[in-house]
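Novice: Have a look at this one before I ask anything.
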2 protein chains.
Amino acid sequence: MTTESSELYPVTRIARVREAVAASGLDALLLTPGPDLRYVCGYDAHALERLTCLVVPAAGEAFMMVPRLELPAAQASPAGRTGVEFVPWDETDDPYAVVAKRLGTVGAVGLADRMWAMQSLRFREALPGAEQALAGRVLRELRMRKSPAEAAALRAAGAAIDAVHELVPSLLRAGRTERQVGRDIADAIMNAGHATIDFVIVGSGPNSASPHHELSDRVIQPGDPVVVDIGGTMPSGYCSDSTRNYVVGEPGKEYLAYFEVLRRAQEVACEFVKPGVTCEAVDAAAREVIADAGYGEYFIHRTGHGIGLESHEEPYIVAGNTELMAPGFAFSIEPGIYLPGRHGARIEDIVICGESGGERLNLTTRDLVVVG
Amino acid sequence: MTTESSELYPVTRIARVREAVAASGLDALLLTPGPDLRYVCGYDAHALERLTCLVVPAAGEAFMMVPRLELPAAQASPAGRTGVEFVPWDETDDPYAVVAKRLGTVGAVGLADRMWAMQSLRFREALPGAEQALAGRVLRELRMRKSPAEAAALRAAGAAIDAVHELVPSLLRAGRTERQVGRDIADAIMNAGHATIDFVIVGSGPNSASPHHELSDRVIQPGDPVVVDIGGTMPSGYCSDSTRNYVVGEPGKEYLAYFEVLRRAQEVACEFVKPGVTCEAVDAAAREVIADAGYGEYFIHRTGHGIGLESHEEPYIVAGNTELMAPGFAFSIEPGIYLPGRHGARIEDIVICGESGGERLNLTTRDLVVVG
């Protein structure tokens, strides 16, 4: 994966981030393990109690605090190629004090968006004069615009989860429980090349009406619509996420009626994507089709979320988000219609905004799939 | 798992935590998804960008902010039995403002130790007068002392990881890579009943000298010592963690000499555990045996870490930690000896402090296991 990772996590990125830090008015970013750290230097460090922290000052060289035990892992990661200085610390050292001493007086620092409170409060003590902001203020502009290598990684993730959806008809039948089907899907997610399983939703019958239902011991019944929403993270760090709808035997007429509406809403929203439109306009495009057909009150969530090193990240496709679409933005388009306590459906693709329109990364049929 | 979970996550715990909050001088705990939230109310919520937050005020009733989409999941979790009020919020609401309004004026709040900066900074804005501290200040005393049900859950986790170590001799042989062996071990961790794989370290030959080495494509050679350090999380939420040492064929004489020292050091430290001794004294007990034999400089990490809902939590068995052992404390005892670039060994058991001494939860042989 060396070539792939050197394109995904180019050694020049730290320098680019440093320029962005300087332009932002922050004095430094403090990046603990998580997607921000991985984006900037490629190091997929474990989030644990011992401090690992990449410090990217606006002026001066970046350095990374690393527990001495983790030094070989940090050096072996893509971060080892960046030339960043590793500063190992020992079990009884205070790594926060080391960061404070090296930084000197600072006015404002940007914390990794997922930095744990046990660390952010220690940095507050160690840097008492520094205002704390989110690193996302600097990194969001970079992270939202996927590079060609990142787009390729998302395409590979899309193909992997598509392969799992292709298998679902062979796993889903009346008499099995959601959990049994879910377990087989989980195995298939790993077999398709993911490094981790992020979520497996199998919502059958009335459970299909609860958008974030996961798995239960409910036995799937003849005639059940089933929402299957699945995703994982590839070894590259990039995530997959796709939802398809299955029905065991004969679907009901009412269900078929709104499924057609949903199919159209998802299509319209995908076609609406192009540089310069707002995120909220994409949400509205899907919502309008559904509302016009009389199902507005049953579409109870936003249309989508960004995706990349996180399965949910910016940009969010939601009312109120006036961010303008730009080439490289990657996000889900996943409208849903849910009749409470009865049944529901959701169709989800990951879409990347290109120069003139959106490219879907999930290519399995969006039609209702009749199984068993 | 209903009975098990009602003992592990008793409905009375929120009330007990509330008393502890009042005694601490904090006005409220703010618990986002993670081990603190799960400990207090049993809800194993996904950590995502939408705010889920259990608010436990010192005075007044606890309530939980929940994205409306997650409401069925929250209600179905053990938290649903506690009587806590769920406050659902919609996609375009500001849940931080809702918390601030309900709390009124507060002087100090305790944040879940793993609360993300994207949330702690929002709470700082929403509650501008409130000092932020760690919820751990209140929860550590409770979480460190495992209840009988928690001890039973850790025992079950110990038995599960022991079952994996029993399989290792059938997986480990010259000619396979660490990664191949690691993949089989990962499958075995799931098959043994874990819900997730937390880490798989297979350090062969010189890699055995790097304590946090994970997996590489190195081909295992005849004569290699191999450190296997593995752990996962059970469906109960409780973690396993155990390290054993294998050798492919004939071990070297020098290795055997320090392995014997290590064996003794681990034994001495386990026997040293009882209520009233300090955590650092347990560390010193292991360290002394190793130092006396002349290997002190090769024992480069602390002796252990607490374990429970996190694979690393308090108490840490490390110099400087003067916390007194008490019944219910659960932690690893895992001294190691590492000759840089050559080879190394580590023996790790999870130990629970009882009324008069320690109980080991890992029972597979601690002797060097010759394979292949």
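The values are calculated or read from the model by the stated rules, or taken from the named source; none is laboratory data. Small disclaimer: the values here were computed from a predicted structure and weren't measured. Because the Cβ atoms are built from the backbone with ideal geometry, glycine has one as well, and the counts that use them run over all protein chains shown. Only protein heavy atoms, including side chains, enter the accessible area calculation; ligands, DNA and RNA are left aside. Shrake-Rupley method; radii C 1.70, N 1.55, O 1.52, S 1.80 Å.
Novice: So in the stretch B:103-127, with the set limited to residues that are among the small types (G, A, S) and part of a helix (DSSP H, G or I), which one is farthest from B:T32 (Cα to Cα)?
Specialist: It comes out as B:A126.
Novice: Oh, and also: Mind checking which residues of the stretch B:1-52 are assigned to a helix (DSSP H, G or I), closer than 23 Å to B:L103 by Cβ and of a type in the set (D, E)?
Specialist: B:E19, B:D36
Novice: When you scan the stretch B:341-372, how many residues do you find that are within 20 Å of the chain's Cα centre (by Cα), touching a residue at least 24 places away in the same chain (Cβ under 8 Å) and part of a strand (DSSP E or B)?
Specialist: 9
Novice: Moving on. Among the residues of the stretch B:118-130, which ones are farther than 16 Å from B:L29 by Cα and among the hydrophobic types (A, V, I, L, M, F, W, C)?
Specialist: Within the stretch B:118-130, just B:M118 meets the criteria.
Novice: Here's another thing I want to ask about it. Is there a residue being assigned to a loop (DSSP other than H, G, I, E, B) and not assigned by TED's automatic domain parsing to the domain that holds A:E310 anywhere in the stretch A:64-75?
Specialist: no
Novice: Here is a further query. Of the conditions (1) closer than 19 Å to A:A15 by Cβ; (2) open to solvent by 20 Å² or more (accessible area, probe 1.4 Å); (3) outside any loop (DSSP other than H, G, I, E, B), A:A79 satisfies every one except a single condition; which number is it?
Specialist: If we test A:A79 against (1) closer than 19 Å to A:A15 by Cβ; (2) open to solvent by 20 Å² or more (accessible area, probe 1.4 Å); (3) outside any loop (DSSP other than H, G, I, E, B), just (2) comes out false.
Novice: Of (1) open to solvent by 20 Å² or more (accessible area, probe 1.4 Å); (2) over 12 Å from B:L139 (Cα atoms), B:Y9 satisfies all except one. Which?
Specialist: (1)
Novice: Right, here's the next one. Quick check: is even one residue across the stretch A:263-285 in contact with a Phe, Trp or Tyr (Cβ under 6 Å, 6 or more places away or on another chain) and more than 14 Å from chain B (Cβ to nearest Cβ)?
Specialist: yes
Novice: Among the residues of the stretch B:98-131, what is the count of those that are open to solvent by 40 Å² or more (accessible area, probe 1.4 Å), more than 9 Å from chain A (Cβ to nearest Cβ) and either within 32 Å of the chain's Cα centre (by Cα) or in contact (Cβ under 8 Å) with a residue 24 or more places away in the chain (or both)?
Specialist: 8
Each row is one residue, and each column tells you yes or no for (1) touching a residue at least 60 places away in the same chain (Cβ under 8 Å); (2) under 18 Å from the mean Cα position of the chain (by Cα); (3) not in a loop (DSSP other than H, G, I, E, B).
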{"site": "B:V168", "(1), (2), (3)": "yes, no, yes"}
{"site": "B:G175", "(1), (2), (3)": "no, no, no"}
{"site": "B:R179", "(1), (2), (3)": "no, no, yes"}
{"site": "B:V202", "(1), (2), (3)": "no, no, yes"}
{"site": "B:P211", "(1), (2), (3)": "yes, yes, no"}
{"site": "B:D229", "(1), (2), (3)": "yes, yes, yes"}
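Novice: Scan the stretch B:296-350 residue by residue and report those that are open to solvent by 20 Å² or more (accessible area, probe 1.4 Å) and over 25 Å from B:G136 (Cα atoms).
Specialist: B:G296, B:E297, B:Y298, B:I300, B:P340, B:G341, B:R342, B:H343
Novice: Another question about this same structure. Return yes when A:R155 is assigned to a helix (DSSP H, G or I), within 14 Å of another protein chain (Cβ to nearest Cβ) and open to solvent by 20 Å² or more (accessible area, probe 1.4 Å) and no when it is not.
Specialist: No: the conditions fail for A:R155.
Novice: Still on this structure: Which residues, counting only those in the stretch B:46-66, are modelled with pLDDT of 95 or more and either crowded, with 22+ Cβ neighbours inside 10 Å or within 14 Å of another protein chain (Cβ to nearest Cβ) (or both)?
Specialist: B:L51, B:T52, B:C53, B:L54, B:V55, B:V56, B:A62, B:M64, B:M65, B:V66
Novice: If you go through the stretch A:288-325, how many residues are farther than 21 Å from B:H46 by Cα and within 11 Å of chain B (Cβ to nearest Cβ)?
Specialist: Residues in the stretch A:288-325 being farther than 21 Å from B:H46 by Cα and within 11 Å of chain B (Cβ to nearest Cβ): 4 in total.
Novice: Give the stretch A:86-104 a look and list any residue that's modelled with pLDDT of 95 or more and farther than 21 Å from A:A130 by Cβ, or say none.
Specialist: A:F86, A:P88
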